[in-house]
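Colleague: Sharing a structure, written as structure tokens. Questions coming.
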Amino acid sequence: MDTAALLATAAVFAAGVLYWFIWVMGSAEVKGKRAVDLKMGSITKDKVQDKYKQYWSFFRRPKDTVESSEKVPAFVDTFYNLVTDIYEWGWGQSFHFSPSVPNRSHRDATRIHEERVVDLIEARPGHRILDVGCGVGGPMRAIAARSGSTVVGITINEYQVSRARSHNRKAGLDGACEVVCGNFLQMSFEDCSFDGAYSIEATCHAPRLEDVYAEIYRVLKPGGFYVSYEWVTTGLFRADDPKHVETIQGIERGDALPGLRAQDQIAGVARKVGFEVVEERDLALPPAGPWWTRLKMGRLAYWRNHVLVSVMTLLRLAPKGVVEVHEMLYETARHLTNGGETGIFTPMHMILCRKPIDKASS
Ligand SMILES: C=C(CC[C@@H](C)[C@H]1CC[C@H]2C3=CC[C@H]4[C@H](C)[C@@H](O)CC[C@]4(C)[C@H]3CC[C@]12C)C(C)C
Ligand SMILES: C[S@@+](CC[C@H](N)C(=O)[O-])C[C@H]1O[C@@H](n2cnc3c(N)ncnc32)[C@H](O)[C@@H]1O
């Protein structure tokens, strides 16, 4: 074979490998996003790296002053501009964990965890249900489809609103699911306008849990149920153990959290704003299967994704800064896995609350 033929063969082979890597390997586990579709929300291409740096320098430190806690929602919004497409690409349309279920796929385990909400809050046809921190609407679609109720989701991130609406349309659920952009700490909904409410791994972004719980209490009808899956440290966490602290701070930094709360604080906050606490349980405890195995099993996938985002950046198909965001998520996955394995952290402390029926008006 002469040199030209050799070079041509090598070029065809390289192109084939690139095609396979980007279009075949690069598609999401749950069909939808591919590596070539990675945008950074509403951030313009040239600002991604700066925005990431601003995010990182803000969340690197604890948010212990009033001034810094007031800035949290804006930085959470930036965070979701940076990560939403990567989450969809590498995880799917539901941005949360689920206990693994033997012989069932991740997709099934996710749906089971979401549908549990329907039973807990007794959602049924004719009900108007609030999804507090709805992401791109994975849970909302599962809950609306299962219960026959109408679900209204709220998220602070405009880009997620457009993604969620587009997914709702494609799933034929845009009649049952509505999405609004807003801050769950000050919602524009009327008092007593929802029959039920839920939040899945979202209220952990609130600097003060009582502020979001009080808002949910306000918009719920008397007698309505609210369930939340909370991110918390468990009783096994020791603040004097440097390894525990490193893990928890790693989770906070990489997930835009102003500070994780302890498991035993949650019910007190719910009662303080007026709720009756009906049930409280860590859904991660046995017999539930470990939620973190899905993160651990993906080492090879992480490496592949790292190569993909690097190649995409080199080819200018992805904006500068994506590699850093991806590295941050990789590190976060390590801390989350550690939190799960040591048992010092759970992302699914379930609390079921009820707004009491006002005796005077009944
Ligand atoms: C509830 C929250 C988000 C929870 C999870 C959905 C996400 C937490 C960490 C994320 C990920 C970590 C590693 C990424 C990997 C490096 C990349 O190649 C593909 C995507 C990841 C797997 C990504 C997916 C989503 C998470 C698991 C928080 C923010 C309150
Ligand atoms: C980890 S995602 C979970 C999304 C969804 N519950 C799911 O499980 O797919 C957290 C969500 O909370 C939203 N969020 C965080 N802080 C918020 C705030 N102050 N107001 C409204 N939404 C907020 C984010 O925009 C994001 O949609």
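Colleague: Report the residue, chosen from ALA123, ALA11, ALA206, that carries the largest GNM mean-square fluctuation when the chain is represented by alpha-carbon nodes joined by springs under 10 Å.
Modeller: Its mean-square fluctuation being the largest, the pick is ALA11.
Colleague: Between GLU331 and LEU6, what FRET efficiency comes out of the Förster formula 1/(1 + (r/R0)^6) with R0 = 41 Å and r the beta carbon distance, rounded to 0.05?
Modeller: 0.45
Colleague: Next question. Note the angle between two axes, namely the Cα long axis of helix 106-121 and the longest principal axis of the Cα atoms of the chain, as a number of degrees from 0 to 90, rounded to the nearest 10.
Modeller: 10 degrees
Colleague: For the range 54-170, report the % of Cα-Cα distances exceeding 24 Å.
Modeller: So the pairs more than 24 Å apart make up 37 percent of the total in the range 54-170.
Colleague: A further question on this structure: Dividing the convex hull volume of the Cα atoms of the chain by its residue count, what figure in Å³ per residue is obtained?
Modeller: 157 Å³
Colleague: Grab the Cα-Cα distance for THR44 and LYS170, subtract it from 0.36 nm times how many residues apart they are, and report the gain in nm with one decimal.
Modeller: 42.7 nm
Colleague: Within the chain, what's the longest run with no GluC sites (Glu not before Pro) in a DSSP loop and at most 14 other beta-carbon atoms within 10 Å? Give the range, please.
Modeller: It works out to 191-362.
Colleague: Right, here's the next one. Of all the C-alpha pairs in the range 290-362, what % are more than 21 Å from each other?
Modeller: 51 percent
Colleague: Tell me the angle of helix 299-314 to the major Cα principal axis of the chain, expressed in degrees between 0 and 90 and rounded to the nearest ten.
Modeller: Helix 299-314 sits roughly 60 degrees off the main axis of the chain.
Colleague: Based solely on its DSSP helices, what 222 nm [θ] is calculated for the chain when runs of n ≥ 4 H residues each add -39,500 (n - 2.57) and the sum is averaged over all residues, nearest 500 deg cm²/dmol?
Modeller: When only DSSP H runs of four or more count, the value is -14500 deg cm²/dmol.
Colleague: Here is a further query. Not counting the cut sites, what is the longest span of the chain without trypsin sites (Lys or Arg not before Pro) that DSSP labels loop and that have at most 12 other Cβ atoms within 10 Å? It would help to have the intermediate numbers written out before the result.
Modeller: On the way: sites that count: LYS31, ARG60, ARG238, ARG316, LYS359.
By the stated rule (loop sites, at most 12 other Cβ atoms within 10 Å), 61-237.
Colleague: Angle, helix 322-342 long axis vs. longest principal axis of the chain, Cα atoms, 0 to 90°, nearest 10?
Modeller: That helix lies at roughly 50 degrees to the long axis.
Colleague: After finding the eigenvalues of the alpha carbon gyration tensor for the range 144-188, what semi-axes result from the square roots of 5 times each, listed largest first in whole Å?
Modeller: That gives 19, 13, 6 Å for the three semi-axes.
Colleague: Pairs LYS39/LYS243; LYS45/LYS71; LYS47/LYS71; LYS71/LYS355: which exceed 27 Å Cα-Cα?
Modeller: In this structure, LYS39/LYS243; LYS71/LYS355 exceed 27 Å between Cα atoms.
Colleague: Taking the Cα centre of the chain as the origin, how large is its charge dipole in debye, to the nearest 20, when only Lys and Arg (+1) and Asp and Glu (-1) carry charge on their Cβ atoms?
Modeller: 740 debye
Each reported figure results from applying straightforward, stated rules to the coordinates on display, with no laboratory input. Just so it is clear, the model here is predicted, and its values are computed rather than measured. Cβ atoms come from the backbone with ideal geometry, glycine included; neighbour counts cover every protein chain shown.
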